Number of protein chains: 2
Amino acid sequence: LPAEVAPSYLWVPELPDTGGEVELPDEEAHYLRRVIRARPGDLALATDGRGALAELRLGGAGRGLRARVERIERLDRAAARRRALLLCGTPEGTRADWMVEKLAELGVDAFQPLDCARGRWRAGPAAMARWARLAVAALRQSRRRVLMEVRKPQAIAEIEPGLPESNHRWVLDPGGPGGVSPAAGSGWSVAVVGPASGLDPDEKQWLATLGFRPMCLSDGRLRTETAAVAWSAWWASGGI
Amino acid sequence: LPAEVAPSYLWVPELPDTGGEVELPDEEAHYLRRVIRARPGDLALATDGRGALAELRLGGAGRGLRARVERIERLDRAAARRRALLLCGTPEGTRADWMVEKLAELGVDAFQPLDCARGRWRAGPAAMARWARLAVAALRQSRRRVLMEVRKPQAIAEIEPGLPESNHRWVLDPGGPGGVSPAAGSGWSVAVVGPASGLDPDEKQWLATLGFRPMCLSDGRLRTETAAVAWSAWWASGGI
């Protein structure tokens, strides 16, 4: 796709096929008009967050901002992709927000807050909405085509049915082995990061039963959110 | 060293030899007495941030809090270690604080703020003091023995004399190759991350002259602070 006026992708949840017209969401219209001062006829790239990438020709001035799809590539949903799921205990304080932003920037597909014996999430509607906004902002900023899914908190005892098939299930553990290479091919990598106070022995045993193997990414002790971001960066580095 | 009362290391810049006594800094005394409610006779681990790790036996109640060094291991300064230097342009907004915290947690040895054509640091005494405090907090939290050095901002044109000898000089570049493995052995790894608006062509050329090779860690575009943390996590993962 050619050079475009906007350095970030637009997020347009419903993208028509080539030749179709779409009214841009208010936030995208504001970004184009007020932040980057785009003009009628300019090109911008937009994604629906489900894999589509479209070249949009911006329309004229009016109340709303409309655009025409010049070209669109959709993701083949049947095609295998390289994907990551992160299940994460509670970090301390207000560190979850930037963790969500960084996981989305690094291309994690799904973020699953994990309620553990030593830490339960307080994820009310305001927090869920804020994380959803952060995921969208990271999608735009990092020019990705797939929006990170932010799931509702789930108890660690109940994760089994929701786990994707994978031979790459990891639990971050300072006592685990290092020197592991991230899976390079398509398919899911899944990681569990414990809460700030750690997983308890029963939880570790349960994860072992589910095939989660310990791995270590640093010779120091990492905070929950640091371990989550470090694992995501490690995973992302295997996909270039 | 045996189990100890404090989950975090203490930071005691001057540690005497075995058998010596030391008065603990106010902040460490507060942590021991008020936060973890340690008692006279308890053991705690302390580092001087220059590689020493000491087992301290806490003294009795008094105005200050004194401790006796039961055992100490000092770092052999002549021994080669695995080390990282990160030179980093300005991130957007107030993202530098958590970046400093995360680099220190991940064991980066030195953080060099980098003034570039498209971004200059505003690092007054308050910011420098805050970053120094964050580095100490991360040292304690991540149970490290070496305090991250936070350097004053430097112009990219002036970095050459301060660069350590290294065959591992990297510049983070979304167009660079992936699949690079972090250096496993001792010695320096050095990385440059550009400011939020990017490095300009002259700067890229200058870095190439200095032997910095492009590398890429994500299939999306990373913010400055995300690239810095991702590189540090990548580097850290090679040292386990």
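Descriptive notes on the structure:
- Remark: region A:168-184, residue by residue, has Karplus-estimated 3J(HN,Hα) of 10, 10, 10, 10, 6, 8, x, x, x, x, x, x, 8, 9, x, 4, 8 Hz, where x stands for each Gly or Pro and the curve is 6.51 cos²θ - 1.76 cosθ + 1.60 at θ = phi - 60°.
- Shape call, region B:66-106: gyration tensor on alpha carbons, a/c limit 1.5: oblate
- Expected 222 nm ellipticity per residue - DSSP helices of 4 or more, -39500 (n - 2.57), all of the protein assembly as shown, to 500: -7000 deg cm²/dmol
- Within a Gaussian network of chain A (alpha carbon springs, distance under 10 Å), most fluctuating of A:Ile156, A:Ile72, A:Ile36: A:Ile36
- Other residues lying with their Cβ under 10 Å from the Cβ of B:Val171 contribute a combined charge of +1, Lys and Arg counting +1, Asp and Glu -1.
- Taking a ≥ b ≥ c as the square roots of the eigenvalues of the alpha-carbon gyration tensor, region B:175-240 is classed oblate because a/c is 1.5 or more while a/b is no larger than b/c.
- Classification of the protein assembly as shown by its C-alpha gyration tensor yields a prolate form. The axis ratio a/c (a ≥ b ≥ c) is 1.5 or more, and a/b outweighs b/c.
- Whole-number accessible area per residue in Å² for chain B, which is evaluated in the context of all protein chains at 1.4 Å: 45
- Whole-angstrom gap from region A:122-153 to region B:86-132, using each part's C-alpha centre: 26
- Rh by Kirkwood over Cα pairs, then Stokes-Einstein D for chain B at 1.002 mPa s and 20 °C, µm²/s: 112
- Computed over region B:91-240: relative contact order in percent, which uses C-alpha pairs under 8 Å that are six or more apart: 31
- Reach of A:Lys204 by Cα under 30 Å, taken over lysines that are not fewer than 8 positions away in the same chain: A:Lys102, A:Lys152, B:Lys102
- For B:Asp202 and B:Arg133, the FRET efficiency from 1/(1 + (r/R0)^6), where r spans their Cβ atoms and R0 equals 51 Å, is about 0.90.
- One equal scatterer on each Cα of region B:118-212, no solvent, Debye formula: the resulting log10 I(q)/I(0) at q = 0.20, 0.25 Å⁻¹ is -1.25, -1.33.
- Taking only Cα atoms of region B:64-160, radius of gyration then Dmax in Å: 15.7, 52
- Amide H to amide H, with H built 1.01 Å from N, B:Gly89 comes under 5 Å of B:Leu114, B:Val193, B:Gly194, counting only residues 5 or more places away or on other chains.
- Shown in residue order for region A:40-52 are the 3J(HN,Hα) couplings computed by the Karplus curve 6.51 cos²θ - 1.76 cosθ + 1.60 at θ = phi - 60°: x, x, 5, 9, 9, 9, 9, 10, 8, x, 10, x, 7 Hz (x for Gly and Pro).
- Amide H contacts of A:Arg213 (H built 1.01 Å from N, under 5 Å, at least 5 apart or other chain): A:Arg169, A:Trp170, A:Val171
- Loop sites in region A:1-91: trypsin sites (Lys or Arg not before Pro), DSSP, at most 15 other Cβ within 10 Å: A:Arg37, A:Arg63, A:Arg74, A:Arg77, A:Arg81
The values are calculated or read from the model by the stated rules, or taken from the named source; none is laboratory data. Values in this document were obtained by computation on a predicted structure and should not be read as measured data. Cβ coordinates were reconstructed from backbone atoms using ideal geometry, including for glycine residues, and neighbour counts include every protein chain displayed. What goes into the accessible areas is simple: the full protein's heavy atoms, side chains included, and nothing from ligands, DNA or RNA. Shrake-Rupley method; radii C 1.70, N 1.55, O 1.52, S 1.80 Å.
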